[in-house]
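Worksheet: one structure, shown below.
Rule-based calculations on the coordinates, nothing more; no lab input. Predicted model only: the values in this text are computed from it and were never measured. With ideal geometry, Cβ positions are generated from the backbone for all residues, glycine too; neighbour counts draw on all protein chains shown.
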Amino acid sequence: MSGYRPEGLDDTFTATASSDDGRPVAVPAIGVVGWLRWAWRQLTSMRVALLLLVLLAVAAVPGTMFPQRGQDPAKVSAYITAHGALGTWLDRLGFFGVYTSAWFSAIYLLLFVSLVGCILPRTKHHWAAMRARPPRTPRRFGRFPAQASVTVQGEPEALVRRTAALLGRGRRYRVDVHDEGDGTWSVSAERGYLRETGNLLFHLALVGLLVAVAYGQLLHYRAQVIVVAGDGFANSETSFDTFEHGRAFDAAKLEPFTLRLDDFESRFDAATLAARDFTAHVTVTEPGAAPVARTIKVNHPLDVGGTQVYLQGNGYAPQVTVKDAAGQVAFSGPVPFLPQDQVYTSRGVVKVPDVSGGQPQIGLLGFLLPTAAQMGPDQWVSTNPEPTSPLLVLSVWSGNLGLDTGVPQNVYQLDEKGLTEAKDASGKPVTLDLRPGDTVTLPNGLGTLTFDGMRRFAAFDLRKDPALGWLLAFALTALAGLATSLFVPRRRLWVRASTSRGNQDEGPTTVVTAAGLARGDDVGLAPELGRVLEAVLGSPVPVTGRAPVEDDSGGD
Amino acid sequence: MPVGDLSTLFVWAAATAFTVALFGYSVALARIADAAARPRQAARTAKVAAATAAKTANRQRVPALAGAGASSSYASALPPTPTDVEPAAGAASAPVATAARPAGTGRGSGAKAEGIARSTHWLGIALLVIGIVLRGVAAGRWPTANMYEFSLVGVLVATSVLAVVQRRRIIAFVGVVVTAIAVLALVLALNAFFVRADAVQPALQSYWLVIHVGVAISATGVFTVALGTSVTQLLSAARAENRSRLATPWGRADALRRPLVGWRVTGPRFAWLKQVPDALHLEALSFRLNAVGFVLWTFTLIAGSIWAEHAWGRYWNWDPKEVGTFVVWVVYAAYLHARTTRGWSGRRAAYLVFAGYAAVLANFTVVNLFVAGLHSYSGLR
Ligand code: HEM
C-alpha cells in the first residue's frame, strides 16, 4: 500500500504503510510542471502548515493594538490625525483593517489552500485504508514500542485464531489471519480508524466554516433603528437609521412585519447605579396575523420569521416644541439623546429646518441630565440614571443647518459651518436650562422652546444571516471531530505463533511473539497488548515498551 | 459576618494552604536532589581521589564558580565540569557532594514534605471551593463574572488537575510551578482584582456565563499544569543531553553568565531531575493535558460565538478578547501540528506551549485591563 502522507509528517504509524521515508523531496529534475509539483508539495507540507498557523497567530495581534475601522472608525481617524505620516503609512499597510487586509487574507487563504490540498488526498487514502485489510505482520518486531515474547503449550494455528476472535469481538479490532508456512501463523489487527476519520472531519469542517462565513457575508443584512416608546417602524430599508447588507442580498426578501415599542423598563442598582435589567415591551404585527405582545431583552433577542431583533441600547428622548418668530410650530416631537455614561448624561441635537419663510434655521445642541445636580454656576452633572429630576441644558445656533446639500448628515451632530452660536451681551454663549414643562424665549428673537416631557427610547439591531445554522453545524462537527481525533486510540497489534523446535519431551511448545504500534502517544498500548495476551494465554505476560509512568497521571 | 467577607476569608485561607503546599513541594524537591546525589557518592569520592592530574587541572577552572552560586548544602561540592559526566550515567551529571547531613534525613523527610504538600494542597482546594461557593451565594449568581472570580475558579481548576495528575506519583517540580502560579494568582486577585460580590449587568445575565466562561477558565487551569510539565520536560531533556547554555562562556557578556553558573541545568542544583520521568514521558503527559485544554478551548471559542450572537447579534466581531482567544487557539493548534511535524516535535513544540500559555495570560490580563472592547468586564473601571 503506498499511502499518501503530507510532506514532513513525523509519524511512524503511517510510515510503516508507505515506502516514503519522508526525507525532503529532491529538487525537481526539470520543467515548469516539475517545479509546480514541487511547489504544491511544499505548500501542502506539514512544515508550511505549521508556519502559516504561526504566521496567522502573529498577524492577528496588531488588530488589538491599533484601532480598527470595522469596530471604531472615529478612533481610527483620530489616531491617523494624531500620528501624521506614521498614521498614513500604517493606514496604507492595512493596520486599521487588519482582518480584511491583503496580508492577513493571504495567510489564511494560503492556509486553507494548503488544508484542502492536504486533506483531499488524505481522505482518499483513508477511504481506501478503511476497506483494506490490516497491514501484514512485519517479519521482525524489534522496532515497535510494545513487544512481548513467551513460550507456551499449544498449537500455533488454534492460538492465533483464538487471538483473532478475541480481538475481533471484544476489542473491536479489524483482524486478518496469515498462514506464514512452516507451522507459523500470525494475526494482524488494527483499530481506531475513527481517529483519522475525526481528524479529517475536523479539517473539512474548518473549510466548511470558512465557506459558511463567506456565504453569510454575501446574503446577510443588518440594520439599526432607534424607536421612541409609543412609536414603531416597519421592517423596510427606508425606516432604518443604518442599513448594511451583503452583495447578494435581496431587499425584497425582508420579512414584512412592523414593530411598536409600547414601553421600556429599566432597573438600576440603588447603591452602585449599575444597570440590572432592561426590558423592551413591543407589539409585533406580521402580515395576515393579529398583533402579538412580546418582550426583548439583552441576551434575549426576538425572532420574527428568521429576522433577529436585538436590544442594543436605550435612553431618554426629551419631547420639545419650537415655535418660530412668527409663532408657528416649527418642530414638535421627541428627540433621542444618546447616553454618554453610566448615569445617562445624554447628548443630543434638535434640528429645526422648517421655520417660516425668510427666517434662519435653528439648531439646539446640548445635554439631558436625568437627575441633575448643580455643582456651580452653570455647572450641572447627572447623579442617577433614573429620571428623578431631569434638566435639559442647550446652546442655541442659527443660520443654515446644511440639510439640503445632499450629503447625508449625522442626526446627532450639528454641522457648524453655516451656523452661528447665540451669545449674550457680554459675549458669552447663551445656555438654556429647562425643566419639564418650562417654556423659554430663544435669544435673538428666534422664537420659543418648550420642554414638554420625556419619553424612553430603545435602539434595536435587526439582522438576518442565513448561514448561522451552517456555521453552528460546522463548528460542532469540528469539535466532535477534534475530540475523536485526539482521544480515540489508533492501534495495530500483531501476534505470531510458531512451533518451537526445542525440547520435544513435553509435547509441542509454541513461541508466541507480539508487538503493538499506536498513532501518536498512546500510554494504553502496552497494557492493551498485555491484556490481550493474558486473555488468550491465561497468564500474565510481561510487555516491554514505554514504562507505564503515565499510569500515575490518569491516562485512559 | 456578611457572606461575601466570609468568602474572602476562605480564599485567603486557601492561598495560605497553597503557600504551605508550595513550600512542601520545594522541600521535597530539595530532598530529592540530595537523595539523587547520595547513592553514587561513594563511588565518586573514590574516583575523585584517583583523579588524574589532568582532570584536577580541568577542575581548577571552576572553584570560582562553586563559590558564586552554590547553596549551603553544596558549599563544599565540586561542581562537575562537562568532562565529569560518566557516559554510563547517561542522564545526569551527579554532583560530587560531600553532603554532611545526618543519615536518614534524605528520602525520609522528602516523603514527609511530600505528605505535607499533598495534604495542604487538598486542604487548599477544599477551602477554595468553600470560598467560591460562598462568593456565588453572596452575589446571587454563578461566580465567574469578573477577573477576581475568574482567578479563583482558574486556580481551583489548575490545582485540582494537578492533584489528579499527581495522585499516585508526585512530580515535585510541577507541583512547585503550579502552586507558585496559584499563590501568585490568588494574592493578585485578592489585592488587585477584588470587587464586591454583586449582581451583574444585563449583558452578562445569561447561562452562557456559566458555560463559556466556566469552560474557558477550566481550559486555562489545564493549560497551567501542562505548562509546568513542559518546563520540566525541557529541563529534563537539557540535563539528559548534558546541554546547558550556562556551561560555556558567552564571549563578551560572560560577566552576566558567571553569577548564574550555579543555576545551570547540568549542575548539582538540578540533580533532582534524575527523579522525574524522562523528557519523552513528560512530553506525552504535557501533550495529553494540552489536548484536553485545546478541546476545551475550542469549545470556549464556539460557545463564545454563540453567546456573542445572542447578546450582540454578531458571532464574530474581531473584538480584542475574541482576537486573543483566536490567537491562543491558533498557537495551540500550531503546537499540535508541531508535534507531528518532522524536526519540530519535542523541544520546539514545547516552545509553542510557552507561547500559547503566554497568549492565555495576556488575553486574561492585558486585554481585560488595558484594551477597551466589548468584553470590558473586569469590573475595575
Ligand atoms: C486552518 C488551519 C488548520 C488548523 C486550525 C489545524 C488544526 C489541527 C489540529 C488542532 C490538529 C490536531 C488534532 C487532530 O489530530 O485532529 C491537527 C492535526 C493535523 N493536521 Fe491540521 N490544521 C490546519 C491545517 C492543516 C493543514 C494545512 C494540513 C496539511 C499540511 C494539516 C494536517 C494535519 C495533520 C496531518 C494532522 C494529524 C497529525 C497527527 O497525526 O496527529 N492541517 N490540525
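The value of relative contact order for region A:44-131, using C-alpha pairs under 8 Å at least six residues apart, is 38 percent. Partner shielding of B:337-347 amounts to 6, given as the average count of beta-carbon atoms from other chains within 10 Å of each residue beta-carbon. Among the listed pairs A:Lys323/A:Lys351; A:Lys351/A:Lys428; A:Lys297/A:Lys351; A:Lys253/A:Lys297; A:Lys75/A:Lys423; A:Lys75/B:Lys321, those whose Cα-Cα separation exceeds 24 Å are A:Lys297/A:Lys351; A:Lys253/A:Lys297; A:Lys75/A:Lys423.
Exposure proxy ranking for A:Met65, B:Met1, A:Met46, A:Met454, based on other Cβ atoms within 10 angstrom of each Cβ and starting from the fewest, stands as B:Met1, A:Met65, A:Met454, A:Met46.
Sorted fewest first by neighbouring Cβ atoms within 10 angstrom, A:Tyr412, A:Tyr99, B:Tyr335, B:Tyr148 come out as A:Tyr412, A:Tyr99, B:Tyr148, B:Tyr335. Couplings 3J(HN,Hα) of region B:316-328, computed from phi: 8, 10, 6, 5, x, 5, 5, 4, x, 4, 5, 4, 4 Hz, in residue order, whole Hz [Karplus 6.51 cos²θ - 1.76 cosθ + 1.60, θ = phi - 60°; x for Gly and Pro]. Peptide B:304-313 has a mean shielding of 5, counted as Cβ atoms of other protein chains within 10 Å of each residue's Cβ. Classify region A:222-464: rounded, prolate or oblate, from the alpha-carbon gyration tensor (a ≥ b ≥ c, eigenvalue square roots; a/c under 1.5 rounded; otherwise prolate if a/b is larger than b/c)? Note, shape of region A:222-464 comes out oblate. Averaged over peptide A:474-487, the number of partner chain Cβ atoms lying within 10 Å of each residue's Cβ comes to 3. Per-peptide packing, taken as the mean over residues of other Cβ atoms within 10 Å, places B:216-225, A:287-296 in the sequence B:216-225, A:287-296 from highest down. Going toward the positive end of the dipole of chain A, with +1 on Lys and Arg Cβ and -1 on Asp and Glu Cβ, which of A:Leu369, A:Ala85, A:Ala497 do you reach last? Final value for the positive-end residue is A:Ala497. Exposure proxy ranking for B:Ile170, B:Ile116, based on other Cβ atoms within 10 angstrom of each Cβ and starting from the fewest, stands as B:Ile116, B:Ile170. Residues whose amide H falls under 5 Å from that of A:Arg455, counting only those 5 or more places apart or on a different chain, are A:Ala317, A:Gln319, with hydrogens built in the peptide plane. Here the Karplus curve 6.51 cos²θ - 1.76 cosθ + 1.60, taken at θ = phi - 60°, turns the phi angles of region A:263-278 into couplings of 7, 10, 10, 9, 9, 10, 5, 4, 7, 9, 6, 5, 5, 10, 7, 10 Hz, with x standing for Gly and Pro. Based on Cα contacts under 8 Å between residues 6+ apart, region A:222-464 shows a relative contact order of 21 percent. Computed from phi, the 3J(HN,Hα) profile of region A:416-433 under the Karplus parametrisation 6.51, -1.76, 1.60 (θ = phi - 60°) reads 7, 4, x, 10, 10, 8, 6, 10, 8, 4, 7, x, 7, x, 7, 10, 9, 10 Hz, with x in place of Gly and Pro.
Backbone amide hydrogens, once placed in the peptide plane, bring A:Ala330 within less than 5 Å of A:Val322, A:Lys323, A:Asp324, excluding anything fewer than 5 places away on its chain.
Averaging Cα coordinates gives a centre for region A:355-395 and one for region A:427-476; these two points are 13 Å apart. Axis of helix A:193-219 versus longest Cα principal axis of chain A: the two differ by about 20°, to the nearest ten degrees. Here the relative contact order of chain A, from alpha carbon pairs under 8 Å that lie six or more residues apart, stands at 18 percent.
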